[in-house]
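Trainee: Right, I'll just put the structure down here and ask away after.
The values are calculated or read from the model by the stated rules, or taken from the named source; none is laboratory data. In this text, all values refer to a predicted model and were calculated from it rather than measured experimentally. Note that we place each Cβ from the backbone using ideal geometry, even for glycine, and neighbour counts take in every protein chain shown. Side chains included, ligands, DNA and RNA excluded: accessible areas come from the protein's heavy atoms. Shrake-Rupley method; radii C 1.70, N 1.55, O 1.52, S 1.80 Å.
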Amino acid sequence: MPHASEPHDPTTRPSNGPSHRHPSLLTRPTLPPQVRVLPWLDPVIDHLGHDPRSRYVEHYWLGVLGPSTTWLLRRLADRLDLEPDGFDLHLVDTATSLGLGMKNGRHSPFMRAIDRSCQFGMARQHGDDELSVRRRMPHVTQGQLKRLPGPVQRAQADWQQPQLHSAGDDAQHKARRLALTLLELGEDVGAAERQLSTWRIEPAVAHQALEWAHSRHAEALAAAHPDPEAA
């Protein structure tokens, strides 16, 4: 995998990130020797996403996440293959094995790679010593793609078209799956509609797909966070 410098760490949230800052190990005065890593189960992304070790991730996510975060996610994917129920990640040993080390503790490149994985929705922290990590990574969004060089953007467009028009896959069904993926990633309906347009999905098809996806997404949120007063 080619080496590259880490991209600028934005102070504003990425387009697929949460609307608030996630709890961060970087805010702790001291670090635990290890954290518990669990799989982040997401039926949509697990079905439609990309393996962190895939060429897609190397070509399109590398320039967004940076090499340290990309290598970290690949290493965690390797471990989750061997221990699918979760494992204890020793921070110093893992940092050293990735060539990052832990100099400066919570301000080290390794800890910033963990923090960055959370910023971009590839992991999320629970408490002080538990981390859930995606086993599959979503498509890059249009906003993220614009940060990459022109040739990479064109290659992504060339890659996307056969996916959208693959034989035997109904256009409406494909549009629904893509729309739901975007909403699950935190895009609002307007941004999702613009993304579908970028993928050359007919406006009427995109509109119907977003109506369906919005309803399905709302149902999933309601099921995950039921209103106690409605019980």
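Trainee: Tell me, what HN-Hα J-couplings in whole Hz come from the Karplus equation 6.51 cos²θ - 1.76 cosθ + 1.60 at θ = phi - 60° for each residue of the range 55-68, using x for Gly and Pro?
Mentor: Listing the rounded values in order: 5, 4, 5, 5, 6, 10, 7, 4, x, 8, 7, x, x, 5 Hz.
Trainee: Taking the Cα centre of the range 33-128 as origin, work out the dipole magnitude from +1 charges on Lys and Arg Cβ and -1 charges on Asp and Glu Cβ, in debye rounded to 20. Walk me through the numbers before you get to the answer.
Mentor: Details: 11 positive and 12 negative charges, 92 e Å.
Here the range 33-128 has a charge dipole of around 440 debye.
Trainee: Counting only residues 5 or more places away or on other chains, whose amide H sits under 5 Å from the amide H of residue 50 once H atoms are built in the peptide plane?
Mentor: Hits under the 5 Å cutoff: 137.
Trainee: Going from most exposed to least, what order do 212, 71, 61 have by accessible area with a 1.4 Å probe?
Mentor: Final ranking, largest accessible area leading: 71, 212, 61.
Trainee: A follow-up question, please. Can you list the residues, at least 5 places off or on another chain, whose amide H is less than 5 Å from the amide H of residue 34, using H built in the peptide plane?
Mentor: Under 5 Å from the amide H of residue 34: 91.
Trainee: So what J values fall out for the range 196-209 if you push phi through Karplus, 6.51 cos²θ - 1.76 cosθ + 1.60 with θ = phi - 60°, rounded to Hz, Gly and Pro as x?
Mentor: 4, 5, 4, 7, 6, 8, 3, x, 5, 5, 5, 4, 5, 5
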